[in-house]
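One structure is given below, encoded as structure tokens.
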Amino acid sequence: LQRAECAASARFAPTVPPSRIFGFTQELRISVDGMCAYQAAEAQWLSLPIPLEQAANAAEVAAYEERAKRQKLGDKEAGKEEEPVVPLVSFEACLSKSAAAEPLEVFRGMRGATRTTRFKTFPRTLVVHMQRYYQDTDWSAKKLSVRVPVPETLDLSALRGSGPQEGEPPIPEEAAAAAPAPAPAPAPTEPEEAIVMQLMSMGFSENGSKRAAIAVNNSSAESAMEWVFAHLEDPDFNDPLPEPGAAPAAEDNSEQVAMLTAMGFSAEQAGAALKATGANVERA
């Protein structure tokens, strides 16, 4: 819809985009050690997790899966093939799961933080996205087989954000912590000129070729070429190498990660996207 609006904007007079009716603002409340921080995240749909552990027919599902397993093993006493029994999860359970406090690995350098998501504003029309797809242990996308009946009426007033409360101490922008003494930096590895020249002859930049040679410890041109193909889209691929002894700048993307995870992405996916886009939230 947004792409269609952008394409039509050149042909029609400026108007309020139709997609605006779906837009709303979420209130993210992060708390740690009795302190709180509030953030706002723009959204166009409400992404809800599906808690399978709260299925109303969990016993029936377990019994069906046991019968199906026996049938697959050739057990004749397991009976004939039957209609699959899928978990039945209430829409209210999905809302409760979404509204529950979510632990954060780190926020502004502080550990043990939790985040709750509420509505700061409500849309005219609410689009709900059920998180049926998930990433399996082998990194492949899988889809949940589950039923989630949607009620005809929905009251979301309990999920309205209240904003900062009187007497709530704010979380400082930078957590004050004594930094340990830095360990002595190892001697920098110089890229092997033969590997760099071979990669450059294939059309890769000098800086990218040097990074590849260092990344594989000058093992071979073949290994360096594999590294190039795997990291060709890195934002710093063509950047000059850092000066010897220069420490890499530490980057705290906890707030950007919090904004992306509020849209339904995992913290690992958000971190990878921010790394690939140079911490640009919109591109991520």
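Data for the structure
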read-out	value
Answer from A59, A13 - the residue that is more than 30 Å from E105 (Cβ to Cβ), at pLDDT 80 or above and open to solvent by 60 Å² or more (accessible area, probe 1.4 Å)	A59
Answer residue from region 154-175, given it is outside any loop (DSSP other than H, G, I, E, B) and of a type in the set (A, V, I, L, M, F, W, C) and is surrounded by the fewest Cβ atoms within 10 Å (Cβ to Cβ) among those	A158
Matching residues, region 115-134, being open to solvent by 90 Å² or more (accessible area, probe 1.4 Å) and outside any loop (DSSP other than H, G, I, E, B)	Y133, Y134
Filtered residues of region 263-280 (kept if open to solvent by less than 30 Å² (accessible area, probe 1.4 Å) and outside any helix (DSSP H, G or I))	T277, A279
Single residue of region 74-88 satisfying the filter (open to solvent by 60 Å² or more (accessible area, probe 1.4 Å) and more than 20 Å from N57 (Cβ to Cβ)) that is modelled with the highest pLDDT	K80
Output for region 91-108, where each listed residue is among the small types (G, A, S) and within 19 Å of the chain's Cα centre (by Cα)	S98, A99, A100, A101
Near pairs, Cβ below 6 angstrom, 6+ apart or cross-chain, from region 187-199 (modelled with pLDDT under 80) to any residue that is open to solvent by 80 Å² or more (accessible area, probe 1.4 Å)	P188/P244
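The values are calculated or read from the model by the stated rules, or taken from the named source; none is laboratory data. What you see is a predicted model, and the numbers here were worked out from it, not measured in a lab. Note: ideal-geometry Cβ built from the backbone for every residue, glycine included; neighbour counts use all protein chains shown. Keep in mind that these areas ignore ligands, DNA and RNA; they rest on the heavy atoms of the full protein, side chains included. Shrake-Rupley method; radii C 1.70, N 1.55, O 1.52, S 1.80 Å.
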